[in-house]
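J.: For reference, the structure I am asking about is given below.
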Amino acid sequence: MSAAEILPEPHTDLESIPAAVARLRAAFDSGRTRPLAWRKQQLEQLVKMHEDHKQEFIDALHADFGKPTFEAYASDVGQGLTEAKTAIKNLQKWTRPERVGGLPLMGRGRVIREPLGVVLVISPWNYPIGLLLSPLAGAIAAGNAVVLKPSEVVPHTSAALARRIPEYMDPEAITLVEGGVEETTTLLEQRFDHIFYTGNGRVAQVVMEAAARHLTPVTLELGGKSPCIVHEDADIEVAARRIAWGKFINCGQTCIAPDYVLVHESKEEALVEALEKSAREFYGDDPKATPDYARIVNHRHHERLSGLLQDGVPAFGGELDPEDKYIAPTVLRQVSPDSAIMREEIFGPILPVLSVKSIDEAVAFVNDRDKPLALYLFTDDESVEEDVLERTSSGGACVNGTLMQIMDARMPFGGVGPSGMGAYHGRHTFETFSHRKAVLTRGTRFDPKIMYPPYSERLAKLMQRFM
Ligand code: NAD
């Protein structure tokens, strides 16, 4: 891989942050972001920014951690674009007041979606464009002013976004703050009407504590250890291909990547062989040489992953190049369930494969740990599918596949328990950034005195009959 220019950690002047948020608050209070015409125009600008600068974004992602062009577009840059287009198409429908069948004589009920106000979107480094701009699309559709905080861990991408956002988006209502802990801490001291955070659980606690001070609601899109259960009836070739793809894309740095595999003991050998075959088909004999395999984002994570490699014996892979931040696609065997690699989210291209004797054992193993963001199950047996889905809890799940459960924006994407709270994608993003205001409009012609004090016995009886 060619060495990219090393950029310093990005930052925005701390003193300018409160004023920037105040400017957005004034814009929101003036009603600037409410008209559908403004929302549509901003969403169109978001689409245009993607179209005009997709190559610049792809290049930045490559400079930051060697993200292959296809992956950069399909799984990152394309994400915000799709969400913006979906929002444009559905804006009228989503914002239409929802009629509610009224109660007799009470009046006419409806639910109005109103914008929350000034919202903050904080995103991580692994899909740094999509995870920032997808929430932005829904927040605009809902009529909010938005502060964007991309991750400092990917400075080229942060710089590209900082260049283009002010050029395309309304600067009075949408702003971007670059930086790391200091800048985010200053941001979190401001009052927001919603905070949408994607990243790790430790920082999520910091975010939630800061939000609590202003009683600000939060959406937390977190991670964890997403298990992959391979039942004895599974099609091993297909399972291996889909697991290897979901694990090694973005060099394993995907929140919903299969973290580890629990395979029926009768299929362990065959699965490991098929995983190796798939990895070889994808990346050739020397994965380091292919442009289709990314790198670890920085030396700190490379060192952390190199340590985790010691927790098992590589069935294949295991090669490292710290200088290039390279770790080969690796399957680990002989891994103890108590080792560090089985306690923390791996977030790299190392896949522990553990064998189990039964589905019951696999379910018990999963339920013994935090509720994951995703659960993967490979089986053709519908009763096994229903049984596992019923006995486990996870943000989402995919049967006979990996990652694809997030592709259909009609389905909410989010975690449960330690893997997150709240959900988004498509209409769900719009709902996340909207308040559902219940409104009852009453007529004035009918106003029987019996409803008011002093209450009659007749009224009490009537109430008991109807309620
Ligand atoms: P990161 O280091 O980029 O941090 C995320 C954001 O938090 C950044 O914008 C960063 O500036 C900010 N931040 C970091 N420390 C902070 C602090 N002390 N105070 C305030 N803000 C702070 O990314 P990360 O957390 O390493 O991301 C990886 C994690 O995110 C993994 O656990 C992964 O599973 C999860 N993730 C979840 C999703 C999802 O959609 N659920 C998507 C991607 C990643």
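The values are calculated or read from the model by the stated rules, or taken from the named source; none is laboratory data. Just so we're clear, the structure is a prediction, and the values are computed from it rather than from any experiment. Please note: Cβ atoms are built from the backbone with ideal geometry, for glycine as well, and neighbour counts cover all protein chains shown. The accessibility values were calculated without ligands, DNA or RNA, using every heavy atom of the protein model including side chains. Shrake-Rupley method; radii C 1.70, N 1.55, O 1.52, S 1.80 Å.
J.: What is the residue count in segment 56-111 for residues that are over 23 Å from Trp245 (Cα atoms), part of a loop (DSSP other than H, G, I, E, B) and of a type in the set (D, E, K, R)?
T.: Going through segment 56-111 one residue at a time, the tally reaches 1.
J.: Out of all the residues in segment 428-450, which are in contact with a helix residue (DSSP H, G or I) (Cβ under 6 Å, 6 or more places away or on another chain) and modelled with pLDDT of 95 or more?
T.: Thr429, Phe430, Phe433
J.: Condition check: at pLDDT 90 or above and not assigned by TED's automatic domain parsing to the domain that holds Gly80. Does Pro453 satisfy that? If you could, list the steps in order and put the result at the bottom.
T.: Details: at pLDDT 90 or above: yes; not assigned by TED's automatic domain parsing to the domain that holds Gly80: yes.
When the stated conditions are applied, Pro453 passes them.
J.: Return the total of residues in segment 175-209 being within 8 Å of the ligand (Cβ to nearest atom) and among the aromatic types (Phe, Trp, Tyr).
T.: Count: 1.
J.: Looking only at segment 230-256, how many residues end up being open to solvent by less than 20 Å² (accessible area, probe 1.4 Å) and not polar (S, T, N, Q)?
T.: Selection size over segment 230-256: 13.
J.: When you look at Thr157, is it under 20 Å from the mean Cα position of the chain (by Cα) and open to solvent by 10 Å² or more (accessible area, probe 1.4 Å), yes or no?
T.: Against the criterion (under 20 Å from the mean Cα position of the chain (by Cα) and open to solvent by 10 Å² or more (accessible area, probe 1.4 Å)), Thr157 does not qualify.
J.: Go through segment 274-291 and give me each residue that's under 24 Å from Tyr376 (Cβ atoms) and surrounded by fewer than 16 Cβ atoms within 10 Å (Cβ to Cβ).
T.: Across segment 274-291, the qualifying residues are Lys277, Arg280, Glu281.
J.: Being closer than 26 Å to Phe282 by Cβ, at pLDDT 95 or above and assigned by TED's automatic domain parsing to the domain that holds Ala141 is true for just one of Ala63, Ala74, Ala37, Ala27. Which residue is that?
T.: One residue alone meets the criteria, Ala63.
J.: Looking at Met404, Met421, Met411, can you tell me which residue is within 16 Å of the ligand (Cβ to nearest atom) and more than 30 Å from Leu36 (Cα to Cα)?
T.: Just a single option satisfies the conditions, and that option is Met404.
J.: Here's a follow-up. Could you please give the count of residues in segment 160-174 that are within 17 Å of Ser30 (Cα to Cα) and surrounded by fewer than 22 Cβ atoms within 10 Å (Cβ to Cβ)?
T.: Of the residues in segment 160-174, 3 are within 17 Å of Ser30 (Cα to Cα) and surrounded by fewer than 22 Cβ atoms within 10 Å (Cβ to Cβ).
J.: Would you list the strands (runs of 3 or more DSSP E) that sit entirely within segment 164-265 and hold 2 or more residues that are within 30 Å of Val384 (Cβ to Cβ) and under 19 Å from the mean Cα position of the chain (by Cα)?
T.: 226-230, 258-264
J.: Of Glu98, Glu152, Glu114, Glu83, which residue is assigned by TED's automatic domain parsing to the domain that holds Glu182, away from the ligand (no atom under 16 Å from the Cβ) and in contact with a His (Cβ under 8 Å, 6 or more places away or on another chain)?
T.: Values: Glu98 fails: in contact with a His (Cβ under 8 Å, 6 or more places away or on another chain); Glu152 fails: away from the ligand (no atom under 16 Å from the Cβ); Glu83 fails: away from the ligand (no atom under 16 Å from the Cβ).
Within the list Glu98, Glu152, Glu114, Glu83, the selection yields Glu114.
J.: Okay, moving on. For Gly143, work out the one condition from (1) among the small types (Gly, Ala, Ser); (2) out of contact with any Leu (no Cβ under 9 Å at 6 or more places or on another chain); (3) outside any helix (DSSP H, G or I) it doesn't fulfil.
T.: Among (1) among the small types (Gly, Ala, Ser); (2) out of contact with any Leu (no Cβ under 9 Å at 6 or more places or on another chain); (3) outside any helix (DSSP H, G or I), Gly143 violates only (2).
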